[in-house]
Amino acid sequence: MDSGQIRTGRRPLNLLGPNSGAPVTSSLPTPHSPLLTDNFGRSHNNLRVSVTDRCNLRCTYCMPEDVTFRDKSELLTFEEITSFVRVAATLGVNKVRLTGGEPLMRKELHKLVRLIAVVPGILDIGVTTNGILLAEQAEALFDAGLRRMNVSLDTLDATRFRELTRRDGVEKVLAGLAVAKRAGFAPIKVNAVAIRGFAEHDVVPLARYCRDNGFELRFIEYMPIGADSWEREKVFFASEILELIGREVGELVPANTDPSAPALDFAYRDGSGTVGVIASVSRPFCHSCNRIRLTADGKLRNCLFSLDETDVKDLLRSPSLNEEAIKNALRQSVWAKWEGHEINAATFVKPDRTMHAIGG
Ligand code: SAM
Ligand code: SF4
């Protein structure tokens, strides 16, 4: 990003710019802040790490059917990921979520959990998985120190599961959820993407299933980040989901919501469970976004929808780890973050990478 440039829309309004040499006021965020603060005053403590771009499903809203995955040599090793997390933690990152692609396809993922769990400053580790391999790995992950688990499941119906994911396997996901519950994971969140034409059929059965099993259900509004053609008309909106659950399953009341969390949380009035909605399209949460992302091939992204990336793989692979250079890359990337994703604007440009290759 050039310094001193004024850009609007998905670009930061960056009057000082990184390395501009201009004097800074200590009370304002600067590109040299000791913490990861951006040009709009947002602090970033939440790192999402993709550990692979491979997946054992082919969800239509996420990735194409035919895809060439990166060579394994291009992926960061567990040691490289851990080095990165260690540096990020010195700049205030304290939450890490492992994702993909399908993170459980990365061999011995539990070893990475164990490495990250002891990084000073890291308070919270989570994994987002499609659950296909969860029954096999839940116990090893739990033993490694993992406690928080998000499992993506859009439908309980085998035929509809195949239609959405282009693969079979709903019974494996349900078995994985049961094993994770028995292993002691808490909370277990079930994430469902809400697409009009599908979600209407699945919202109520999913809500009942999650309430009966003590899982926290969260619906994510369908976003333009996959391989398919997205249209706003295909988004089943958060308000519609809440109305449907309130009518068919049980009355919902607003629950305490962490203002920096993307989900708006609701609880059944009778105390029998919770439902969250991530209204990325109808109610973007960019103003409080605290997330940065590291792709499996070592690129830093300051937004799911960013069009620019910063390479840190070369820095992590240099013979003597240059921590200052990694810190600078982090600070510069965060500083250049856009004000918002602009999904709803005519100027919106879809990133080249689809969701599976970024890390959701
Ligand atoms: N494979 C794992 C899984 O499915 O949970 C982790 C990676 S996946 C990319 C992370 C999350 O992104 C999933 O919950 C998935 O449903 C969500 N996702 C993928 N494409 C999406 C889209 N176009 N809109 C909204 N959410 C999406
Ligand atoms: Fe794979 Fe997750 Fe994408 Fe589905 S959403 S294709 S499970 S990465």
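The values are calculated or read from the model by the stated rules, or taken from the named source; none is laboratory data. It should be emphasised that the depicted structure is a prediction, and the values quoted were computed from it without experimental measurement. All Cβ positions, glycine included, derive from the backbone under ideal geometry; neighbour counts span all protein chains shown. For the accessible areas, the whole protein counts, side chains as well, though only heavy atoms, and no ligand, DNA or RNA atoms are used. Shrake-Rupley method; radii C 1.70, N 1.55, O 1.52, S 1.80 Å.
Worth pointing out:
- Degrees, to the nearest 10: 199-213 long Cα axis against longest axis of the chain: 80
- Stretch gain in nm, segment Ala346-Thr77, where the contour uses 0.36 nm per residue and the Cα spacing is subtracted: 92.9 nm
- Between helix 170-183 and the chain: long-axis angle, C-alpha atoms, 0 to 90°, nearest 10: 80
- Crossing angle, helix 323-335 versus the chain [Cα axis fit, 0-90 degrees, rounded to tens]: 70
- Label zone of Asp168 (point 7 Å out along Cα→Cβ, amide N under 20 Å): in segment 118-156 this covers 130-136, 153-156.
- Cleavage-rule hits (GluC sites (Glu not before Pro)) in segment 210-261: DSSP loop, at most 10 neighbouring Cβ within 10 angstrom: Glu231
- Those Cys residues of the chain for which no other cysteine Cβ falls under 4.7 Å: Cys55, Cys210, Cys286, Cys289, Cys303
- The residues of the chain have, on average, 43 Å² of accessible surface per residue, using a 1.4 Å probe with all protein chains present.
- Ranking Asp311, Asp212 by solvent-accessible area of protein heavy atoms (1.4 Å probe, all protein chains present), from largest to smallest, gives Asp212, Asp311.
- Using 0.36 nm per residue and subtracting the Cα-Cα separation, the extra length available between Ser229 and Asp258 on full extension is 7.2 nm.
- Pairs beyond 32 Å (Cα-Cα), from Lys107/Lys234; Lys181/Lys313; Lys111/Lys172: Lys107/Lys234; Lys181/Lys313
- Annotation for segment 268-359: GluC sites (Glu not before Pro) lying in DSSP loop with at most 15 further Cβ atoms inside 10 Å of their Cβ do not exist.
- If a spin label sat at a point 7 angstrom from the Cα of Arg148 along the line to its beta carbon, the backbone N atoms of segment 56-90 nearer than 18 Å would be those of 85-86, 88-90.
- Of the listed residues Phe266, Phe40, the order by accessible area with a 1.4 Å probe, largest first, is Phe40, Phe266.
- Rounded percent of accessible protein surface that carbon and sulfur make up, segment 37-358, 1.4 Å probe: 50
- Annotation note: chymotrypsin sites (Phe, Trp or Tyr not before Pro) in segment 65-141 located in DSSP loop regions with a Cβ neighbour count of at most 16 within 10 Å are Phe69.
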